[in-house]
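Here the structure is laid out as structure tokens; the discussion comes afterwards.
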Amino acid sequence: MIERYPTKKIYVGDVAVGGDAPISVQSMTYSDTHNVAATVEQINRLHFAGCDIVRVAVPDMEDALALKSIKEQISLPLVADIHFNHKLALIAAESVDCIRINPGNIGSKEKVAEVVKACQERNLPIRIGVNAGSLEKEFDNKYGQTAEAMVASAEYNIKYLEDLGFSDIKISLKASDVQRTVDAYRMLRPKNNYPFHLGVTEAGTLFHATVKSSIGLGALLLDGIGDTLRVSITGELEEEINVGRAILKDSGALPDGLNIISCPTCGRIEADLVSAVSEIEKRTAHIKTPLNVSVMGCVVNAIGEAAHADVAIAYGKGKGLVMVKGEVVANLDEKELVDKFVDEVEKMAGQE
Ligand code: SF4
């Protein structure tokens with residue numbers, strides 16, 4: 001397991017963020033928030049997909065007033081995303097579980113103090129959401145479009161809240177540029193112990209967002225940085241959750257289900273490996289027990305991989321071996337191998 005940077009634990013509703021809490025996956029609805037039925041429907045879709053925390057945009061009063069009704073109809077922790085208007089934050093604070101604001105763009109210190117007081121009264125955390133596209137002018141002018149500018153903005157906003165006696169803070173530092181995003185999180189990490197919300201913003205459609213987020217978030221997670229994350233995808237809601245959870249799983253941050261090792265195939269291939277692996281993926285998607293399994297197209301590397309796998313298939317010509325913990329448990333016709341393999345996986349996961 002990755003050794004995580006020790007951070008303060010805060011609570012967004014009943015979901016802990018930071019400290020020893022599991023790294024949570026977040027997303028955001030795209031409905032008009034004041035369309036309560038559509039927003040609740042999207043939140044429920046996210047919940048079903050495995051989302052831990054959901055955020056909604058609150059650009060105007062109609063949206064702020066809808067939050068109470070939305071909150072009554074969902075069970076995910078709800079974050080209100082607010083810019084510029086402290087009155088929206090004050091209304092949101094009556095219903096939601098966390099407020100995302102940047103104090104620097106809320107206006108006067110008195111207005112920020114009112115928001116902080118409202119959050120303190122309800123034990124709500126505040127997310128400082130630094131975005132490279134909307135930095136305060138002073139940092140943009142001083143540092144340009146750099147990680148330094150993002151870090152300076154975060155430090156300014158953190159101090160703003162700390163000066164008001166508020167420290168239930170989490171921080172994000174998002175840019176659409178992967179390197180700048182990673183640099184900003186790495187630069188800020190040693191300077192405080194607030195939990196970090198990771199994300200590469202405006203990352204594009206499913207394919208590119210997956211690649212950018214895997215590089216950026218993966219690099220940070222492997223450094224032990226990150227307490228919650230959102231994968232930003234121009235696409236469907238469930239995709240953000242699926243990719244987010246996969247990044248956590250494949251970076252080793254979330255032991256969850258099968259780690260499938262399968263070969264890329266080559267001229268030595270002895271079976272229809274592509275069909276076999278996609279069938280295995282579908283039939284084992286429900287398994288949550290962390291298991292290493294390998295599915296290899298010929299004996300060249302199969303035995304070596306199988307020795308370290310919980311369950312494995314080594315294909316040969318028209319037939320193959322199923323192995324458990326490196327021991328051969330069946331030598332079967334090719335058509336029977338996937339069934340036997342899935343049986344053994346379910347047995348090991350205790351889900352027969
Ligand atoms: Fe090729 Fe066999 Fe390696 Fe698969 S396991 S890539 S078929 S040599």
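Every read-out reported here was derived from the displayed coordinates using simple, explicitly stated rules and does not represent laboratory data. Just so we're clear, the structure is a prediction, and the values are computed from it rather than from any experiment. All Cβ positions, even for glycine, are placed from backbone atoms using ideal geometry, and neighbour counts span all protein chains on display.
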Query - On Cα atoms only, tilt of 334-349 relative to the major axis of the chain in degrees - result: 50
Query raised in the report: Can you list the HN-Hα couplings for region 158-169, worked out from phi with the Karplus curve (6.51, -1.76, 1.60; θ = phi - 60°), rounded to whole Hz and with x for Gly and Pro?
Result: 4, 4, 3, 6, 4, 4, 8, x, 10, 9, 7, 10
Requested in this report: Please check the chain for the longest run free of chymotrypsin sites (Phe, Trp or Tyr not before Pro) that are loop-located per DSSP (anything but H, G, I, E, B) and have at most 14 other Cβ atoms within 10 Å.
Outcome: 85-352
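Roughly what % of DSSP beta bridges within the chain run antiparallel, to the nearest 5? Intermediate results must be reported in sequence, preceding the final value.
Values: 14 of 48 bridges.
The antiparallel fraction comes to roughly 30 percent.
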Requested in this report: Would you mind calculating the gained length between residue 47 and residue 339 on full extension (0.36 nm times residue separation, minus the Cα-Cα distance), in nm to one decimal?
Outcome: 102.0 nm
Report task. Please list the non-local residues whose amide H lies under 5 Å from the amide H of residue 295, H modeled 1.01 Å from N, same-chain partners needing a gap of 5 or more. Result -> 261, 262, 263, 313
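So what's region 258-349 giving for Rg/Rh, alpha carbon basis, Kirkwood Rh from the mean inverse pair distance? Before the final figure, lay out each step's value.
Working: Rg = 11.5 Å, Rh = 12.6 Å.
Result: Rg/Rh = 0.92.
So how do 298, 51, 266 line up by other beta-carbon neighbours within 10 Å, fewest first? Mind showing how you got there, number by number?
On the way: 298 20, 51 25, 266 9.
Ordered by Cβ neighbours within 10 Å, fewest first: 266, 298, 51.
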Query raised in the report: For residue 329, which sequence-distant residues (separation of 5 or more, or a different chain) have an amide H within less than 5 Å of its own amide H, given hydrogens modelled in the peptide plane?
Result: 322, 323, 324
Query - Label-point gap, in nm, between residue 111 and residue 260 - each point 7 angstrom along Cα→Cβ - result: 5.2
Requested in this report: Give me D for the chain in µm² s⁻¹, whole number, from Stokes-Einstein with Rh from the Kirkwood sum over alpha-carbon pairs, 4 °C and 1.567 mPa s.
Outcome: 59
Query raised in the report: Against the longest alpha carbon principal axis of the chain, how many degrees, from 0 to 90 and to the nearest 10, is the axis of helix 237-250 turned?
Result: 60
Requested in this report: Could you pull out which residues in region 14-54 have an amide N less than 20 Å from a spot 7 Å beyond the Cα of residue 193, following the Cα-Cβ vector?
Outcome: 16-24
Report task. Measure nothing but the geometry: give the 0 to 90° angle between the long axis through the Cα atoms of 299-308 and the longest principal axis through the Cα atoms of the chain, rounded to 10°. Result -> 60
Requested in this report: Would you mind ranking 332, 254 so that the residue whose beta carbon has the fewest other beta carbons within 10 Å leads the list?
Outcome: 332, 254
Query raised in the report: Using the Karplus equation 6.51 cos²θ - 1.76 cosθ + 1.60 (θ = phi - 60°), what ³J(HN,Hα) coupling, rounded to whole Hz, does each residue of region 309-315 give in order, writing x for Gly and Pro?
Result: 9, 6, 9, 8, 10, 10, 6
Query raised in the report: Among 233, 280, 53, which one shows the biggest mean-square fluctuation in a GNM of the chain, springs joining Cα atoms closer than 10 Å?
Result: 280
Report task. Give me Rg over Rh for region 1-110, both radii from the alpha carbons and Rh done the Kirkwood way, two decimal places. Result -> 1.00
Report task. Step through the residues of region 17-24 one at a time and calculate ³J(HN,Hα) from phi using the Karplus curve (6.51 cos²θ - 1.76 cosθ + 1.60, θ = phi - 60°), rounding each to whole Hz and writing x for Gly and Pro. Result -> 10, x, x, 9, 5, x, 6, 8
Query - Residues whose placed amide H lies under 5 Å from that of residue 289, excluding near-sequence neighbours - result: 257
